[in-house]
Amino acid sequence: MAAIAGRARSVDSNNRKLDELRARIPSFRCIVGCHDCCGPVTASSEEMARLPVKTEAEHEAALAELSCPHLGEHGCEVYSERPLICRLFGTTPSLLCPNGMRPVYMIDRRTEEEIHQFLASTRQVLV
Ligand code: SF4
């Protein structure tokens, strides 16, 4: 019982941290229809719980093309719930947009460090 309660607290805490980090990542406009930064990405179980479930066949088909199962004909189909790593792309010198798009102000170093800590401290699975 204590283990279940502890796990629930951890999920709540991770969900709060996730929302906080998402809010701190600067946003910018991508080129419409571009998906150059999409590919196989990983996410925490808290992020996975917010995404639609894909079949094993859909996962395998995406992976065979080094793509993401949520990438559709018109781009990301889960944009409002895309994982942290997708949101980070283009906002930091270490993950620059290949098409030169960027926010006015790049992400601050502390937020980027906290994102990497979050990624390292949560169990990441292939999206
Ligand atoms: S979740 Fe969306 S933004 Fe992230 S890799 Fe998949 S299609 Fe691209």
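Throughout, read-outs are computed from the coordinates displayed, never taken from laboratory work. Only a predicted model underlies this, so the values are computations on that prediction, with no experimental measurement involved. Heads up, the Cβs are rebuilt from the backbone with ideal geometry, glycines too, and the neighbour counts pull from every protein chain shown.
Here is how the numbers come out for the structure above:
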item: Projected label distance in nm at Arg29 and Met101, using a 7 Å step from Cα toward the beta-carbon; result: 1.0
item: Net charge over other residues, Cβ less than 15 angstrom from the Cβ of Gly33 (K, R count +1; D, E count -1); result: -2
item: GNM flexibility winner over the chain from Leu84, Leu95, Leu18 (Cα, springs under 10 Å); result: Leu95
item: Mean projection area, nm², convex hull over Cα of the chain; result: 8.6
item: Distance in nm between pseudo-label sites at Leu63 and Arg109 (7 Å out along the Cβ direction from Cα); result: 3.8
item: The chain - mean residue ellipticity at 222 nm from DSSP helices (-39,500 (n - 2.57) per run, n ≥ 4, rounded to 500); result: -13000 deg cm²/dmol
